[in-house]
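First the structure, in the form of structure tokens, and then the observations on it.
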Amino acid sequence: MTQEQKIIRAKVGLLELAKQLGGGRRWAVLCSLIETCKLNGVEPYAYLKDVLERMVDGYTINRLDELLPWAWRADDHVKP
């Protein structure tokens, strides 16, 4: 599969996601988080992986503000 075919396939997948009930909003939230990470010098994949793992593991809800992109630091959170 060529790079162009991969891009087209990804775009079709994103359009299908947006068609689903609430898919557009979910996509907007995800894009917002990724761009906020970039603006704050945070690598988006590392951030999302760490934060989602912490939420699944039962991170205390009254401390969620510590996980926002501008407060999160890789050296504080990423497991070795």
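The values are calculated or read from the model by the stated rules, or taken from the named source; none is laboratory data. The model shown is predicted, which means the values in this text are computed figures rather than measured ones. Please note: Cβ atoms are built from the backbone with ideal geometry, for glycine as well, and neighbour counts cover all protein chains shown.
Of everything in segment 22-47 that is under 15 Å from residue 68 (Cβ atoms) and hydroxyl-bearing (Ser, Thr, Tyr), the residue that is surrounded by the most Cβ atoms within 10 Å (Cβ to Cβ) is 47. Say whether the condition of being at pLDDT below 85 and polar (S, T, N, Q) is met by at least one residue in segment 51-62. Scanning segment 51-62, I find at least one residue that is at pLDDT below 85 and polar (S, T, N, Q), so the answer is yes.
If you take the residues in segment 63-80 that are part of a loop (DSSP other than H, G, I, E, B) and at pLDDT below 75, which one is surrounded by the most Cβ atoms within 10 Å (Cβ to Cβ)? Applying the filter and picking the extreme gives 78.
The one condition from (1) among the small types (Gly, Ala, Ser); (2) modelled with pLDDT under 85; (3) over 11 Å from the mean Cα position of the chain (by Cα) that residue 41 does not meet is (2).
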